[in-house]
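Below: the structure, in structure tokens.
The values are calculated or read from the model by the stated rules, or taken from the named source; none is laboratory data. All values reported here derive from a predicted model rather than from experimental measurement. Virtual Cβ from ideal backbone geometry, glycine too; neighbours counted across all protein chains shown. What goes into the accessible areas is simple: the full protein's heavy atoms, side chains included, and nothing from ligands, DNA or RNA. Shrake-Rupley method; radii C 1.70, N 1.55, O 1.52, S 1.80 Å.
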Amino acid sequence: MNAARSRTLTLAIGAATLVAATLLVLAVAGADAAGPTAADQRLEQVLRGRQLVITHDCGACHGGGTDPRSDDWLVGGLPGAGAGLRVLSRNLTPDPETGIGRYTERQLFNAMRWGLRPSATPDVDITSATPGVGNHPLQPDYLAPAMPWTSWRNLSDQELWDMIAYLMDGVRAVRNDVPESEKPADRWAGWFRPEVIGPYPILPFPAAGEELRAPDRLEEVLRGRRLVTSMGCGECHGGRGNPASPHWLAGTWAGAAGDTGTAAADVPAAVVASARAVTVTAGPYEGPFVVGELTVRARNLTPDNVTGVGSFSERQLFNALRWGLRPGETEDAVITSHVPGEGNHPVHPKYLPPMMPWVAFRQLADDELRDIVAYLKYGVRPNRHRVPASDGPPDFWAGVFAPAALPPMPPPAFPTARERGRF
Amino acid sequence: MHRYLTAVTATLLTLATAGSSARLQIPPHQHVSPALENLSREPGTVEVRLVAAPARMALLPSGDSTDVFAYNGRVPGPLLEVREGDRVVIRFRNDLPEPTTVHWHGLHLPFTADGSPFHLVAPGQEHTYEFTIQPGTAGTYWYHPHPHHRTGYQVGKGLYGGIIVRGADDPLAHLPEQLLILSDNRFREDGSLDFPDPSSPAGRADFENGREGDVVFINGVVMPTLEVAAGHVQRWRIINASAARVYRLALEGRSFLHVGSDGGLFEHPVAVDEILVANGERVEVLVRLTGEPGSTVRLQALPYDRYIPQTRPADWNVTRDLLTVRVAEAAEPGTATTTATTTATTTATSPTGGTGTTATAGADFGVPGTLRPVPPLDTAAVTVRRVMTMSQGFINGRAMDMGRVDAVAELGATEIWEVENVVGMDHPFHLHGFQFQVLDRDGVPEAQRAWKDTVNVPGRSSVRFIVRFDRYAGLWMFHCHILSHEDAGMMGVLEVREGGGRP
């Protein structure tokens, strides 16, 4: 389809998911001895894309959180940050009039890779991040800053096509006409200047914010790097998708642009409670989230021993990503259940705030979480930067993350009522 | 002698009536804590009797009675006053309904006398603590129970007392002095002590923050009054015996002269407007007030945010009054000018005969610029550097296990410990048995070389200290001195032994 597409990279998808996908192929499509059909292959791609859409928490802003059974699964219309402008998430269902059914897959690819608004960008192959070069429009019309495409662009071509395949063919179309978002005269070009968002593709390892701290862990570090740079960790923790940033993963940086954070009025309590649209709303600002009276700051994820995560064990960090448990305040143990008091889950769990998308990250495979941890501990350069403590409720968000409130893990079987499984 | 008899009589009374469940009725406002009587006639030996037993007394100004645990029927317990070089023999009896120990916080003594969780004294049992006060250790210390999981409860019930080690060459011995033991407690409507169910919200908050009380005591009295002769200098020895409350002390804009810390006097005094005293820490300050006779100044605890926002108490930013200091008529120089509605510590009589004219000898406080030498421990002799990582409830990621040794050090070795607090809440770190010198905090060199046994490590910061494991092999605790954290297992065991080394 285009030149970039041939640069297919290894899929970052768990073995368990592949097995599940194969089983589903057998069950749903009734594969015969002659081998996979085109429809089988499309289904496989849709399932891979589904996993990516869930783990990247698209539903946090576009509706439905991480649960494809939700009535509002990806229907859009939720408010996000826009530097004072009114910004609403788009309808990502394939409705031909109000959703992404209006666009070609290539237009959607250009939105995820280059941040270009599909409704205002020609349907052509684009090969450069620089305006005026390689079909990048001379006057680009970018998506609002709430959309973390500066990290999504680090996904492989194949991963982006997979996500698009899921949105186009795996999601049930819903008619939901979301009003246009407001945008500044420069259509956000000022936000996304190359010197701010860094180069694409990202610099080879180790970039300025990185160093190899355990030579025997290189393979894991590189796999973890791909995940961290493409999953949006840096959108809140610093540096966006650019490991060469001086703020790379060093946490909320006082004095950074937009340090005043997201206005409380931008973030309805229901959104905070249901998921974490606030994460993305505050994304590129590298400032604290302000939700009502609570100020929440992204922690320093560099391996500094005192101000970062350097003193936490790999298992503690794994437990933070899988179970949402604060690493400094949770016993260093193997945890096997999300139910407090069961399987070493603390009786009084202390959870990371809802802005941290661990409910999405916990759907990653064990190996993927371990790779992320390996990268944070052994692939990032320590940055001694003390982030003030975050506010939070006295129950450490245990009310928000009550077991019954969490979507199932692994995700519910495909297709749910909000999805479609025929090709 | 009659004080000793009182204690003995009380003990006998306890035994005679109903064993350890008997209660002593002590009238209000008489629980000042005198020094323990020395039973020995041998020079250089201090032999005292100490009994821990339930008692009932009026702690609250309302006069309501409270069931407490008390040392020799007192809260705080009686002062242990010794001199450098003394052989100390403490004949202790546990008349509590539960096991206990007596830990001599900060003293350099044999492992078997440390009163650590390894040496429980069962109910009804006697135990003799015996140790020698080492030269150079003159200072202010304290004693309290240390049974694993029960320290916070027993201290909260009233078991704590002061220790003063006197040196022959104390340059401040001519000054009148006060021992001020800070503590706090929480009461129910009926005057009983409030120890909430650990699973209740209040119990959870106590677990996170440590148990703080809204009633703050000095020497067991709420907001006592202390008289200071106008223009005269007093020496205050201050002990933080609170389970969790950290005191940021100030004197309504007046300065203190900060002259000492946990292990005695500084080399050089320093004038300060406020002093932070974390749990288990001691400070020595000089105070000099001028003003009209009858005017008063309050010793206050200013707000100090040691918490994380999730569990920060609503009243954290309240300034608390601790003590009224009233300016009295100027008295004859060198005489004791304190009238004690607070505990009267034995007023020091200067070994040189009390000739000190404290009025003005150069500095405001009339004390020499060098108090004593505090020789630095030799960093070139350091053989081992360790990192101690404190997270909420854990040290190096692990909870206390009495059957596990967490670190082994060579007897006589000099080590540098880097204590890292990797969470948002402050954690005061205490090492048993050995005084250390703080080198730097977050890389900033310590301005004042001092002997310490407890150091507060604020959230997400680090402190490095140097320590030499002289003289006493054994198993030594290191822990957070927020007692609920310690009880929950935020503690480890250091073994010091010949032929020791890492880990």
Notebook entry, point to check: So what's the gap between the Cα centers of the stretch B:230-256 and the stretch B:357-427, to the nearest angstrom?
Noted result: 22 Å
Check: What is the calculated FRET efficiency for B:GLU274 to A:LEU203, with r their C-beta to C-beta distance and R₀ = 45 Å, to the nearest 0.05?
Finding: 0.35
Check: What number, rounded to the nearest 500 deg cm²/dmol, is the helix-based mean residue ellipticity at 222 nm of chain B, given -39500 (n - 2.57) per DSSP H run of at least four residues and division by all its residues?
Finding: -2000 deg cm²/dmol
Notebook entry, point to check: With point charges of +1 on the Cβ of Lys and Arg and -1 on the Cβ of Asp and Glu, referenced to the Cα centre of chain B, which listed residue (B:TRP104, B:ALA52, B:ALA380) lies farthest in the positive direction of the dipole?
Noted result: B:ALA52
Checklist line | Built amide H within the under 5 Å cut-off of B:GLU495, gap 5+ | finding: B:ASP406, B:ALA407, B:VAL408, B:ALA409, B:TRP476
Checklist line | Per residue value of the accessible surface for chain B (all protein chains in place, 1.4 Å probe), Å² | finding: 36 Å²
Check: R0 = 25 Å: FRET efficiency of B:ASP470 with B:ASP440, Cβ-based, nearest 0.05?
Finding: 0.65
Item checked: Amide H within-cut-off set for B:GLN178, under 5 Å, with H built and near neighbours excluded -> B:ARG235, B:TRP236, B:ARG237
Margin query: Need one number for the stretch A:139-204: average projected area of the convex hull over its C-alpha atoms, nm².
Written below: 6.2 nm²
Item checked: Projected-area average for the stretch B:123-190 over all orientations - Cα convex hull basis, square nanometres -> 7.9 nm²
Notebook entry, point to check: Counting GluC sites (Glu not before Pro) as exposed when in a DSSP loop with at most 14 other beta carbons within 10 Å, what is the longest stretch of chain B free of them?
Noted result: B:1-188
Check: Which cross-chain or sequence-distant (5 or more) residues have an amide H under 5 Å from the amide H of B:VAL387, H modelled 1.01 Å from N in plane?
Finding: B:GLU418
Margin query: Quick check on the stretch A:86-155: take the gyration tensor over C-alpha atoms, sort the square-rooted eigenvalues as a ≥ b ≥ c, and tell me if it's rounded (a/c under 1.5), prolate or oblate.
Written below: prolate
Notebook entry, point to check: Any idea how far apart B:ALA168 and B:GLN448 come out in nm if each label point goes 7 Å out from Cα toward Cβ?
Noted result: 2.8 nm
Notebook entry, point to check: Which value, in Å³ per residue, describes the convex hull spanned by the Cα atoms of the stretch B:371-503?
Noted result: 105 Å³
Check: How far, in nm, would the chain grow between A:MET409 and A:GLU211 when pulled straight, counting 0.36 nm per residue and subtracting the alpha carbon separation?
Finding: 67.9 nm
Item checked: Residue-by-residue Karplus 3J(HN,Hα) for the stretch B:75-89, coefficients 6.51, -1.76, 1.60, Hz, glycine and proline x -> 10, x, x, x, 6, 9, 10, 9, 10, 3, x, 5, 8, 10, 10
Notebook entry, point to check: About its Cα centre, how strong a charge dipole does the stretch A:215-256 have in debye, to the nearest 20, once Lys and Arg get +1 and Asp and Glu get -1 at the Cβ?
Noted result: 80 debye
Check: Taking each residue of A:304-314 in turn, how many C-beta atoms of other protein chains fall within 10 Å of its C-beta, and what is the average?
Finding: 5
Next item on the list: With a 1.4 Å probe and every protein chain kept in, tell me what percent of the accessible surface of the stretch B:271-316 is carbon plus sulfur.
Entry: 45 percent
Next item on the list: Using the heavy atoms of the protein chains and a 1.4 angstrom probe, tell me the accessible area per residue for the stretch A:145-260 in square angstrom.
Entry: 39 Å²
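So what's the net charge close to A:GLN41: Lys and Arg +1, Asp and Glu -1, counting the other residues with Cβ under 13 Å from its Cβ?
Residues close to A:GLN41 contribute a combined charge of -2.
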Check: Under the Karplus relation 6.51 cos²θ - 1.76 cosθ + 1.60, θ = phi - 60°, what is the ordered set of whole-Hz ³J(HN,Hα) values for the stretch A:206-222, x standing for Gly and Pro?
Finding: x, 7, 4, x, 10, 7, 8, 9, 8, x, 6, 10, 4, 4, 4, 4, 5
Item checked: B:VAL318/B:ALA202 FRET efficiency (R0 25 Å; Cβ-Cβ; nearest 0.05) -> 0.90
Next item on the list: Please report the buried accessible area for the interface of B with A, total over both chains, probe 1.4 Å, in Å² to the nearest 100.
Entry: 1900 Å²
Item checked: Equivalent-ellipsoid semi-axes of chain B, from the Cα gyration tensor, Å, largest first -> 30, 28, 24
Next item on the list: Under 12 Å from a label point 7 Å along Cα→Cβ of B:THR45: give me every residue in the stretch B:74-94 with its amide N that close.
Entry: B:87-90
Check: Tell me, what HN-Hα J-couplings in whole Hz come from the Karplus equation 6.51 cos²θ - 1.76 cosθ + 1.60 at θ = phi - 60° for each residue of the stretch A:396-402, using x for Gly and Pro?
Finding: 6, 6, 4, x, 5, 9, 4
Checklist line | At 1.567 mPa s and 4 °C, Stokes D of the stretch B:176-253 from Kirkwood alpha-carbon radius, µm² per second | finding: 89 µm²/s
